[in-house]
Amino acid sequence: MRKYYHFETAFRTLKDELKIFLQENNIYYKLCGCPGCWNFEILCNNDEFVKVDLWITNNTIIEFRAV
């Protein structure tokens, strides 16, 4: 089962690095910019979630929550 996860970052370099990570792992995402931050919406299954969660934890994302 796939779920959407949302988080945001204020760091442009993390946005670019995360986009590459998601593309390399064939994980669907949607990116929305807003003043001062970037909002990601990621559609992934539980196995992909573990990979994404680990990447996020290791790269200081400001906020991450399951919806």
Near the amide H of Asn59, under 5 Å away, which other amide H atoms are found, from residues 5 or more places off or on another chain, if H is placed in the peptide plane?
-> none
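Rank these by accessible area, largest first, 1.4 Å probe: Glu41, Glu17.
Final ranking, largest accessible area leading: Glu17, Glu41.
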Once the other residues with Cβ under 15 Å from the Cβ of Lys51 are scored (Lys, Arg +1; Asp, Glu -1), what is the net sum?
-> -2
Report Thr13's accessible area, 1.4 Å probe, all protein chains in place, as a number in Å² to the nearest 10.
-> 90 Å²
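On a 1.4 Å probe surface of the protein chains, which of Tyr29, Tyr5 comes out largest in accessible area, and what is the full order?
Tyr29, Tyr5
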Per residue of the range 19-24, in order, report the coupling 6.51 cos²θ - 1.76 cosθ + 1.60 (Karplus, θ = phi - 60°) as ³J(HN,Hα) in whole Hz, putting x for Gly and Pro.
-> 4, 5, 4, 5, 5, 5
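The values are calculated or read from the model by the stated rules, or taken from the named source; none is laboratory data. Quick caveat: nothing in here was measured; it's all calculated off a predicted structure. Counting neighbours? That spans all protein chains shown, and the Cβs are built from the backbone with ideal geometry, glycine included. For the accessible areas, the whole protein counts, side chains as well, though only heavy atoms, and no ligand, DNA or RNA atoms are used. Shrake-Rupley method; radii C 1.70, N 1.55, O 1.52, S 1.80 Å.
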